[in-house]
Amino acid sequence: MKALALRRTSYGESDLVVQFFTEQSSLLSAFARGARNSKKRFPHRFHPGGLYDIELQERGQMPSLLRCELSDYDSQLMDKEEKFFRWMMVIEWLSLEHPHAPSFSEVLALREAMKGETSESAFHSFFIRETVEHGFEPELQVCVHCREDVLEEIRFSLIEGGLIHKRCGSGLSLSQESHRFMKESLSSLSGALSESMAKELEPITIPYLEMQLGRPFRTRQVFRESTSAISIKESEQPARAVPTYLEA
Ligand SMILES: [Zn+2]
């Protein structure tokens with residue numbers, strides 16, 4: 001079956017436990033026996049974010065991997081640091097237990113969209129929809145404070161969870177286009193996102209979700225800490241290192 005590798009954890013002297021998001025849209029952990037020190041049985045390793053073809057043997061409490069072949073590990077998802085970190089953020093999100101997990105086909109569509117020019121748009125749309133799926137729908141129609149329409153100088157309050165007038169409280173400014181993008185994201189995969197819109201949404205979509213969940217994304221913290229270091233050494237880096245918490 002097809003499955004996305006999410007994270008790998010050392011187990012004992014020579015085994016790994018690999019967590020996957022499978023084509024049945026569910027999480028699965030499996031033993032990769034002898035995979036820690038030898039590449040013989042699993043030459044393709046288990047790259048977080050890689051799409052694999054796996055075969056399992058049910059035994060005891062956790063199945064073992066009989067076969068795990070790399071079906072697609074696309075370098076287009078890694079050609080820019082921001083893109084790579086956004087994809088790792090999706091992988092971190094999938095590795096958590098959710099009351100309503102996104103479907104496998106939705107995740108594959110997101111993966112395709114994130115390879116190219118629509119990377120940011122697909123990413124923000126996905127997380128806006130996930131926020132709503134978790135019951136934290138932001139108020140995007142009227143001001144959260146006075147309940148009146150917000151027609152100009154639109155702001156978004158992370159704390160209040162929605163639009164707010166400048167006169168009613170503090171919030172991050174949001175252009176008409178970005179406001180429309182957020183509303184459209186609730187129903188479908190949205191269209192293009194300009195650079196300025198992406199800049200506006202960056203401090204809103206994920207921070208709002210983090211605030212509602214009361215839990216920060218580790219990927220975002222790592223990204224923040226490493227951004228300066230990475231950009232300096234960009235040319236020297238042959239390959240991107242997987243964030244350490246996805247590889248224990
Ligand atoms: Zn108001």
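Derivation of every value follows stated rules applied to the coordinates shown; laboratory data play no part. Every value quoted in this text rests on a predicted model; they were computed, and no experiment measured them. All Cβ positions, even for glycine, are placed from backbone atoms using ideal geometry, and neighbour counts span all protein chains on display.
Here the simple spin-label model places points 7 Å from the Cα toward Cβ, and for residue 36 and residue 133 these points are separated by 3.4 nm.
What ranking do 40, 80 get, fewest neighbouring Cβ atoms within 10 angstrom at the top?
Values: 40 8, 80 12.
With the sparsest Cβ surroundings first, the list reads 40, 80.
The shape of the chain comes out prolate: with a ≥ b ≥ c from the C-alpha gyration tensor, a/c is at least 1.5 and a/b beats b/c.
For a Förster distance of 51 Å, can you work out the FRET efficiency between the beta-carbons of residue 66 and residue 167, rounded to the nearest 0.05?
Numbers: r = 64 Å, r/R0 = 1.26.
For R0 = 51 Å, the calculated efficiency reads 0.20.
For the pair residue 108 and residue 152 in one chain, pulling the backbone fully straight at 0.36 nm per residue adds 12.1 nm over the alpha carbon distance. In nm, to one decimal, how far is the residue 142 label point from the residue 186 one, both placed 7 Å along Cα→Cβ? Those two pseudo-labels are separated by 1.4 nm. Is segment 2-72 rounded, prolate or oblate when judged by the Cα gyration tensor, a ≥ b ≥ c being the square roots of its eigenvalues, rounded requiring a/c under 1.5 and prolate requiring a/b larger than b/c? Judged from the Cα gyration tensor, segment 2-72 comes out oblate (a/c at least 1.5, b/c at or above a/b). For the options 99, 207, 138, a Gaussian network treatment of the chain with springs between C-alpha atoms closer than 10 Å singles out 99 as fluctuating the most.
Neighbour counts of other C-beta atoms within 10 Å: give me 73, 52 arranged from fewest to most.
Sorted ascending by nearby Cβ count, the order is 73, 52.
To make sure I understand the rule: partners must be lysines, Cα under 27 Å from the Cα of residue 115, and not fewer than 8 residues away in the same chain. Which ones qualify? Residue 115 reaches 2, 80, 83, 183, 199, 233.
Summed over qualifying helices (DSSP H, 4 residues or more, each -39500 (n - 2.57)) and divided by its residue number, the chain shows a 222 nm mean residue ellipticity of -10500 deg cm²/dmol. Residues 2, 39, arranged from fewest to most other Cβ atoms within 10 angstrom of their Cβ, appear as 39, 2. With R₀ set to 22 Å, the beta-carbon distance separating residue 96 from residue 224 gives a calculated FRET efficiency near 0.65.
Projecting the Cα atoms of 151, 16, 182 onto the dipole axis of the chain, where Lys and Arg carry +1 and Asp and Glu carry -1 at the beta carbon, places 16 farthest toward the positive end.
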